[in-house]
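Worksheet: one structure, shown below.
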């Protein structure tokens with residue numbers, strides 16, 4: 001179960017806090033964040049740290065959840081959304097403003113309309129929201145394609161397309177994009 005109840009200090013100065021303890025973090029550009037806000041409301045969205053000086057946005061997610069959530073969601077969003085390292089693989093620090101700082105300039109929180117008070121985002125919802133935001137900002141070629149067999153990212157240059165079925169129960173063959181090795185595991189049309 002994800003811990004969504006963390007909150008920053010109510011007032012004071014921004015603090016530099018490490019990832020991996022109370023939360024992990026996902027960094028995007030402010031432009032991607034601005035588009036993502038169009039898809040999020042207070043029920044689905046969490047507060048987001050905005051740094052107007054570096055034009056970046058940071059979403060906090062439960063510690064370890066990015067690794068537990070299907071990694072292909074995050075892998076596909078790179079380099080436009082980055083999961084910041086946390087122990088034991090590394091350590092990153094995030095500037096965290098106090099809760100009362102909800103406007104800029106500088107480091108502040110951006111809260112969605114009808115905000116439910118959460119500072120920690122659900123990683124699956126966040127990944128699903130960032131994908132169309134990245135496409136809106138950077139175009140349809142910005143995201144890696146997704147292998148239909150293993151669900152991991154596949155670079156466009158390494159993708160193959162085959163007419164086939166993922167399982168014998170699939171009623172109709174489909175055009176499936178996959179890694180070359182994964183394509184061997186599909187039921188290719190004409191062979192069962």
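The label-point distance for residue 53 and residue 103, in a model that sets each label 7 Å from Cα toward Cβ, rounds to 2.1 nm. For the pair residue 125 and residue 142, the difference between a 0.36 nm per residue extended length and the Cα-Cα distance amounts to 4.2 nm.
Spin-label model, residue 167/residue 38: points 7 Å from Cα along the beta carbon direction are separated by 3.7 nm. Going 7 Å from the Cα of residue 158 toward and past its Cβ, which residues in the range 87-131 have a backbone nitrogen under 17 Å from where you end up? No residue passes the distance filter.
Just so you know, all these numbers are worked out from the coordinates, no wet-lab data involved. All values reported here derive from a predicted model rather than from experimental measurement. Glycine also receives a Cβ, built like all others from the backbone with ideal geometry; neighbour counts cover every protein chain displayed.
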